[in-house]
């Protein structure tokens, strides 16, 4: 016995369980908001931008295009140097002496990233921290240390910090709007799933179609639907016949008892 459900019936289920679906959606948003704002630690990014100019050993055999290509290729070397012990150890000491920030070597390496736009001679040192002011301080300190070390270790003419890191006003993680949207979608999906599950487990007879098509039983008759309001009204108000019979019966407190009434049966 196979049961099919039409689209109209699906919409009827969603309409009937709309309150449940709405409540689950709101619950999903609430849970996502609680996790986002109270459980997840926000993170802030600050970036210092730099450009490095290589030295020209043989000006006659070089041209501008070769210099640009060389600078772009050298940025990978700068990345390795910035996250290497030479720079990180110096940054660690500077932060401890000047700002009283205590970070281990591995912590600083995990907080610092080097990013570069494609085919650009400029790159930026990005520092991530739960505290916005510390993120800016770490980015600027790392850029300053690299500026000092690069000219000593690498064959470069000049390292220029084109822009310093600023204190960020908003967190880059978590994405509040995205998390709330995900919570709403998950709550909506759970609500819809529960609505169909409840409907599927509900075995009560809803209409004559269920009897004829699903149970395959003949329909002998129909009973009109009576609302709770009408049922309550019929219980409170007596019918006309009952009311008349009650009014027609006289009440006598002084009627005499006839001998026949005294006779015992």
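Read the figures in this text as sums done on the coordinates, not as results from a lab. It should be emphasised that the depicted structure is a prediction, and the values quoted were computed from it without experimental measurement. Ideal geometry is used to build each Cβ from the backbone, glycine not excepted, and the neighbour counts take in all protein chains shown.
The table below gives the values:
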{"item": "Residues of the range 5-39 with amide N under 12 Å of a point placed 7 Å along Cα→Cβ from residue 176", "result": "33-34, 36-38"}
{"item": "Extension reserve of the residue 153-residue 202 stretch, reckoned as 0.36 nm per residue once the Cα distance is removed", "result": "10.0 nm"}
